[in-house]
Amino acid sequence: MADPGALRFPDGFLWGAATAAHQIEGGNVNSDYWQREYAEGSAVPEPSGDACDSFHRYPEDIALLAGAGLGTYRFSIEWSRIEPEPGVISQAAIDHYRRMVATCHRHGLTPMVTLHHFTVPRWMAARGGWRDPGAAELFARFTEAALPIVRDGVPWVCTINEPNIVACIAGAEDVHAPPVAHGLARPNRQVSAELARAHRRSREVLSTVASVRSGWTVATQAIHAEPGCEGEASAYSYPLEEYFLEAARGDDFIGVQAYTRTFVGAGGALPPREGVETTLTGWEYFPEALGIGVRNAWAVTGGVPVIVTENGIATADDARRIDYTRAALTGLHRALADGVDVRGYLHWSALDNYEWGSYRPTLGLIAVDRVTFARTVKPSARWLGDVARANALPVGAPPARGAAS
């Protein structure tokens with residue numbers, strides 16, 4: 001019997017989880033990030049190595065997500081596998097990702113494909129990466145190569161994951177800074193513009209496939225101004241968030257990725273306040289960030305449909321993960337009730353994976369043994385699966401007392 005007090009979501013709402021190729025596949029030797037990991041004097045504390053061995057074990061991962069009750073799987077395809085040298089396309093890699101799409105369909109999952117999730121081929125990095133003034137054309141060429149993967153049953157395609165963080169990485173003095181170092185650098189303006197151009201070029205290519213709806217995903221920051229610092233907060237926020245949301249106007253959807261909030265004072269972004277609960281990434285526990293990010297994306301894009309493409313928490317306390325997700329979904333439902341067009345919610349992450357320098361921050365719904373690669377479905381996966389099956393969030397459950405640290 002349906003819970004009459006539950007918060008119901010729209011019919012056809014997407015429920016699922018997300019991953020990224022470099023963080024789960026393993027052996028991504030042709031990518032720029034692998035090169036960073038093993039460079040002499042690298043600032044990356046721990047290399048990815050075999051990651052979760054999902055390049056070989058993806059059928060199990062997909063089956064576990066489907067078995068838990070989720071209906072959508074967002075995964076990225078690795079540019080450096082598909083185009084290991086300039087203009088050289090690996091048919092074997094194309095076929096591999098086509099098999100992933102087919103496996104999703106066999107298990108009743110809707111595949112969502114991300115074309116670029118932080119890593120680029122070594123040869124592109126040697127040209128300057130996204131600083132190369134021809135990067136947009138290279139990305140358009142890669143998009144054309146990827147069409148066989150997405151044209152047969154992939155309704156949703158993300159062009160570039162978190163371009164605002166990509167631009168921040170380019171702006172960092174330390175070129176080896178990992179992508180999770182949010183807020184440590186300001187976006188490189190040239191790279192921001194090139195990413196926006198690459199996104200448009202990629203969408204032009206994808207528009208040749210009538211069944212594909214495309215957009216990109218933005219890491220929303222839930223900016224909070226310290227008293228009297230509203231101007232500084234706005235100046236900090238615009239090149240980091242609103243610029244990239246404006247670039248999504250007219251897209252088929254905008255992906256929102258939200259984890260925490262950022263306070264801005266007279267000197268810029270501030271660390272979490274003393275005494276607040278923090279996660280294994282050092283971010284403040286703040287599930288309300290999702291509702292804030294969704295509302296801002298909806299407003300700035302002028303009403304582009306929203307998909308939550310990432311939301312989650314780095315914690316070893318799975319009960320606390322459920323608390324966080326419940327609170328985030330409650331805020332998401334309030335946004336829906338206020339008229340925001342939200343099409344789905346994809347949790348980060350499907351697996352405990354490589355978090356750009358370390359395996360310690362566990363964000364997964366499924367645990368992965370670091371030696372045997374054995375998968376263990378967590379209670380949070382089953383809880384979210386129950387929400388997905390009911391398409392409704394039960395209310396009134398008390399939060400767990402355990403806290404992430």
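Computed from the coordinates by the stated procedures, all read-outs in this text should not be read as laboratory data. Just so it is clear, the structure is predicted and the values come from calculations on it, not from any experiment. So basically every Cβ, Gly included, is an ideal-geometry build from the backbone, and we count neighbours across all protein chains shown.
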- Item | Residue with peak Gaussian network fluctuation, the chain [Cα springs, cutoff 10 Å], from Gly331, Gly265, Gly385 | Gly265
- Task: Could you line up Asp53, Asp61, Asp369 from fewest to most neighbouring Cβ atoms inside 10 Å?
- Result: Asp369, Asp53, Asp61
- Query: About its Cα centre, what dipole magnitude does the chain give when the only charges are +1 on Lys and Arg Cβ and -1 on Asp and Glu Cβ, stated in debye to the nearest 20?
  - Reply: 780 debye
- The answer for the chain, counting only DSSP H helices whose Cα atoms cover 18 angstrom or more along the axis and whose Kyte-Doolittle average is 0.5 or greater, is 135-150
- Just add up the charged neighbours of Trp216: K/R +1, D/E -1, any other residue whose Cβ is under 11 Å from the Cβ of Trp216. -1
- Answer in debye to the nearest 20: the dipole magnitude of the range 248-321 about its Cα centre, from +1 Lys/Arg and -1 Asp/Glu charges placed on Cβ, is 200 debye
- Message: Taking R0 as 25 Å, what FRET efficiency do you get between Val377 and Glu288 from their Cβ-Cβ distance, rounded to the nearest 0.05?
- Response: 0.35
- Query: Taking Rh as the Kirkwood radius, which is the inverse of the mean 1/r over Cα pairs, what is the Rg/Rh value for the chain?
  - Reply: 0.93
- Determine the dipole magnitude for the range 1-126: charges of +1 sit on the beta-carbon of Lys and Arg, -1 on that of Asp and Glu, nothing else is charged, the reference point is the Cα centre, and the result goes in debye to the nearest 20. 400 debye
- Express the relative contact order of the chain as a whole percentage, based on alpha carbon pairs under 8 Å and six or more residues apart in sequence. 20 percent
- Task: Compare the Cα positions of Ser214, Val166, Ile292 along the charge dipole of the chain (+1 at Cβ of Lys, Arg; -1 at Cβ of Asp, Glu; about the Cα centre) and return the one farthest towards the positive end.
- Result: Ser214
- Query: On full extension of the chain, what length is gained from Glu226 through Asp338, given 0.36 nm per residue of separation minus the C-alpha to C-alpha distance?
  - Reply: 37.6 nm
- Message: Net charge around Ile82, counting only other residues with Cβ within less than 13 Å of its Cβ (Lys, Arg = +1; Asp, Glu = -1)?
- Response: -3
